[in-house]
Structures are given as C-alpha cells and as structure tokens.
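One structure is given here, and the rest of the page talks about it.
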Amino acid sequence: MTVSQPDLDCVAAWCEQQVPVRVRDQVAFGYTTRGASITLLERRAPWDGVGGWTARPFAQLRHVGSAWRLYWPDRNTRWHLREEFPAARDIQTLLDIVADPRSGFE
C-alpha cells in the first residue's frame with residue numbers, strides 16, 4: 001500500500017507552514033515516503049556554508065489498517081509507537097500533535 005496523494009499534499013502543506021519565510025535559507029521541514037509510512041524530516045543548511053543540507057528524522061506517520069499511527073525515533077533511528085496518542089483516521093490530527101510543543105516532538 002502507498003500513501004494517497006491527498007495525504008501527501010496535506011503533509012507537504014504542513015511542512016511548508018512550519019518554518020517562517022525569513023529562515024527558510026537555514027531550516028526546512030520535509031518528508032520521505034516508504035510504502036504506507038511518511039517520515040518527517042528537519043533539514044538544515046550547513047553551518048559553515050560548505051557541503052549540502054543535512055536531514056534528521058523526527059517523526060513517522062504509519063498507515064495501519066484504516067488509521068494513522070505516530071512513531072518517534074530513538075538515538076539509533078529505531079522507530080517506536082507513541083502509544084499516548086491514539087490512532088487517527090485523518091493525518092492532519094497527527095500533524096497537529098507533532099506541531100504542538102507540549103507533545104514532546106521538536
């Protein structure tokens with residue numbers, strides 16, 4: 001199973017809204033997909049202006065059955081279910097959780 005285009009459009013719009021225009025030359029949010037999973041990334045410009053941008057995964061949304069589940073990476077980028085957040089039929093619900101500073105995501 002792959003992620004639907006409306007869900008990808010929602011994630012792309014969310015990523016665009018997370019970073020103010022004035023700092024987009026330094027930081028950006030992005031995502032990658034694999035099967036029914038979307039991995040959210042924080043991208044940063046090189047601090048010294050040399051080399052390419054780096055990307056750090058900070059959340060993963062997985063479509064399981066008929067709902068989305070939220071995962072977080074440990075220091076080895078192994079993914080763990082965030083059980084305190086219930087499954088959601090709408091991907092925007094989980095994106096709102098990720099954007100909420102009280103949720104523990106960055």
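The table for this structure:
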item	result
Charge dipole magnitude, Cβ of K and R +1, D and E -1 - the chain, Cα centre, debye nearest 20	260 debye
Nearest 10 degrees, 0 to 90: helix 5-17 Cα axis against the chain principal axis	40 degrees
Helical mean residue ellipticity (222 nm; -39500 (n - 2.57) per DSSP H run of 4+; nearest 500) of the chain	-6500 deg cm²/dmol
Inter-part distance where the stretch 51-106 and the stretch 29-44 are each reduced to a Cα centre, Å	10 Å
For the chain, diffusion coefficient by Stokes-Einstein and Kirkwood Rh (Cα), 25 °C, 0.890 mPa s, µm²/s	170 µm²/s
Volume per residue of the C-alpha convex hull in the stretch 25-81, rounded to whole Å³	88 Å³
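Throughout, read-outs are computed from the coordinates displayed, never taken from laboratory work. Bear in mind that the values here come from a model prediction, so they are computed numbers and not experimental data. For neighbour counting, all protein chains shown are included, and Cβ atoms are generated from backbone atoms with ideal geometry for every residue, glycine included.
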